[in-house]
Amino acid sequence: TDDMLRAVARNDGVVDVNFNAPFIDPTFAAAEDSVRKTTAAEAEAAMRQPGADTAKLRSAYDSLTNQRIHALPRPPLSVLLDHIDHIVQVAAVDHVGLGSDFDGVDGLLPADMLDVTYLPNIAQGLIDRGYTDTDITKILGGNMLRVIEIVLDRQPSGKP
């Protein structure tokens, strides 16, 4: 929420934007939910058939759900950039970073952001939106380094 963003800013923290398509795009999230419900209903009907191998059907319908979700159109990169803009507007540029979660979103990422090699697209998108080099450096990792330095400086001497 915006209140959470302001609280993070007050405490000199950073909000890292997660790239997970259902997190950043309500349209994608609704489509994913619809796929899950539709496929679950199909699976239930199949499992009610006499002699149905429910374990085998569950596995098949899990795969089908995954295939259908991965076939959904991905949100454009602009949706991710809009989230960055919003955090900047509410909490300020010193409190936004990137929290891709590339390894935890099962490939459900925005178009033009499929893996780490696509990160330059964010930099270009920020340039296109008028961000300064200094601001882009902060967003792409400088803010997180600042927080890490603060945390490490607060640790007792000799402690990790």
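Take A9 and tell me if it is in a helix (DSSP H, G or I) and without any contact (Cβ under 8 Å) to a residue 40 or more places away in the chain. Against the criterion (in a helix (DSSP H, G or I) and without any contact (Cβ under 8 Å) to a residue 40 or more places away in the chain), A9 does not qualify. Would it be correct to say that V90 is closer than 25 Å to T27 by Cα and at pLDDT 95 or above? Yes, satisfied.
Residues in the stretch 15-57 that are of a type in the set (F, W, Y) and part of a helix (DSSP H, G or I) were compared, and the one that is most open to solvent (accessible area, probe 1.4 Å) is F23.
Using beta carbons and a limit of 7 Å, which pairs, at least six apart or on different chains, have the first residue in the stretch 57-74 and closer than 24 Å to P110 by Cβ and of a type outside the set (A, V, I, L, M) and the second one assigned to a helix (DSSP H, G or I) and open to solvent by less than 70 Å² (accessible area, probe 1.4 Å)? Filtered contacts from the stretch 57-74: T65/V35; T65/T39; R68/V35; R68/T39; R74/A21.
For the criterion of being open to solvent by 40 Å² or more (accessible area, probe 1.4 Å), part of a helix (DSSP H, G or I), at pLDDT below 95 and farther than 18 Å from F23 by Cα, I127 fails.
The values are calculated or read from the model by the stated rules, or taken from the named source; none is laboratory data. In this text, all values refer to a predicted model and were calculated from it rather than measured experimentally. In this analysis, Cβ positions are derived from the backbone assuming ideal geometry, glycine residues included, and neighbour counts consider all displayed protein chains. Protein only, heavy atoms only, side chains kept; ligands, DNA and RNA dropped before computing areas. Shrake-Rupley method; radii C 1.70, N 1.55, O 1.52, S 1.80 Å.
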